[in-house]
Every structure is written in structure tokens, then in C-alpha cells.
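Inspection log for the structure reproduced underneath, given as C-alpha cells.
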Amino acid sequence: MLGKKGRMTQIFDNEGRVHAGTVINAGPVVATQIKTVDKDGYSAVQFGFGQQKAERLTKPERGHLKELPPVRHLVEARGMEGVERGAITEVSVFAEGDTVVVSAISKAKGFQGVVKRHGFHGDMRTHGRKHTERTGGSIGGGGRAGGRVAKGMRMPGRMGGVRVTVKNLKVLQINPAEHTIVISGAVPGIPGALVEIRG
């Protein structure tokens, strides 16, 4: 299932306990292509999600989506069998209490230091320390890794903007009429980001 991340909310269960959740505008998704081992070398189903004006599609996209509504996003999923081209999937395929896996592109945070990026504690801020309490310290020397910087060294750099997958999230609420689903906890990405939900 594909969706668009919305706001966060609170859901109360039958015992009165409150659960933080993220509202996702999910579906409907349409199967736009069926890939087979004989023709494509692997088995998968391509799904389309989101409304798009037909004039904003390129000619190859129009030909690919012929007889189907124009969509904004195309995503493939493997391990799907028995799905036919043009089949529409609604958010009602999930039920409250289901455990799902959610993937999305995380917030991009730009170039960050080691304290924010890797959780370094920093150094002391007394006894004349000036401007260097958040630096990463030594990254190696002549005796370590032959005098070069070892692979995987935690250093400053670009943070975020990568695909993040969160497992074992619970479905708290489903509203098929409004095509919304509430998933427990926080979901990666900015509001409006494309979200993949797998059962």
C-alpha cells in the first residue's frame, strides 16, 4: 500500500490508554504493470498512486498507463502473485491491530557534525576550552590502520534524506471512506512524503 504522510495524532484504546500515531492518506493504488520472470527476468507488480493531470505525463508514461488513470508515483513490489493489471487496492486490506512495516525517505538535515549525526557526547566545556567541545577528535594516526583514515570512520557529513524502514508498527485506526490509516508511533519523512506500507 502506498500513501502520503500526514499529521500526528492520539488514539485512545478500549482501556483508556493513549497511543501516539501518524495519519497516512493511503490508497487507492492501481496495478499498472505485471512483471514476469520470462519477460523481465524477475517477478514483481508495479503499483501507481496519487492523482496527476494527464498533460503532465510524458508520452512514454501515457503509453505505459494506457487505459489506466494518470498517477503521480510508480512503485514496484515483489512477492505479489495473483494480481492483475488494473486491479485497485484499498486501505481496507489492513485491519486494526495488524503489524506493518513502513518505509519512506527520511527528513534531510544537511551537513551535520558528529554530535548530531552520530551521538557523540562532546568534550568538557571548562578550563579554557574554546570552540572545540563538539569536534570529533582524532581520526587516526601513524599506528592505526597504517596511517590512513579507516573505512567507516564516524565523521561529519550529510545526514538524512535516505530510505528508512521501521518495523513492528501497529495499525491503530482505519477509515476506508476517507482513505486514511493511523499507524502507531512516528513514521519517517516530511509531511506529504510518499510512504510504503507492507503487511
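Assorted remarks:
- The strands (runs of 3 or more DSSP E) found entirely in the stretch 137-199 include none that carry 2 or more residues being among the aliphatic types (A, V, I, L, M) and without any contact (Cβ under 8 Å) to a residue 12 or more places away in the chain.
- Filter result for the condition that a residue is touching a Lys or Arg at 6+ places or on another chain (Cβ under 6 Å) and over 24 Å from Val93 (Cβ atoms), over Met124, Met159, Met155: Met159
- Residue pairs meeting the criteria (Cβ under 6 Å; at least 6 apart or on separate chains; first farther than 15 Å from Pro188 by Cα, in the stretch 18-40; second open to solvent by 60 Å² or more (accessible area, probe 1.4 Å) and in a strand (DSSP E or B)): Val18/Gln10; Val18/Phe12; Pro28/Ile88; Val30/Ile88
- The number of residues in the stretch 12-45 being out of contact with any helix residue (DSSP H, G or I) (no Cβ under 8 Å at 6 or more places or on another chain) and over 21 Å from Gly192 (Cα atoms) comes to 20.
- Between Ser184, Ser138, Ser103, the distinction of being out of contact with any Asp or Glu (no Cβ under 9 Å at 6 or more places or on another chain), hydroxyl-bearing (Ser, Thr, Tyr) and surrounded by 11 or more Cβ atoms within 10 Å (Cβ to Cβ) belongs to Ser184 only.
- Positions within the stretch 44-96 being small (Gly, Ala, Ser) and either open to solvent by less than 80 Å² (accessible area, probe 1.4 Å) or on the phi < 0 side of the Ramachandran plot (or both), in sequence order: Ala44, Gly48, Gly50, Ala54, Gly63, Ala77, Gly79, Gly86, Ala87, Ser92, Ala95
- Scope the stretch 106-135; condition closer than 30 Å to Thr22 by Cβ, among the aliphatic types (A, V, I, L, M) and open to solvent by 70 Å² or more (accessible area, probe 1.4 Å); matching residues: Ala108
The values are calculated or read from the model by the stated rules, or taken from the named source; none is laboratory data. Here the structure is a predicted model, which is why all the values come from computation and not from measurement. Glycine gets a Cβ as well: all are built from the backbone with ideal geometry, and neighbour counts include every protein chain shown. Protein only, heavy atoms only, side chains kept; ligands, DNA and RNA dropped before computing areas. Shrake-Rupley method; radii C 1.70, N 1.55, O 1.52, S 1.80 Å.
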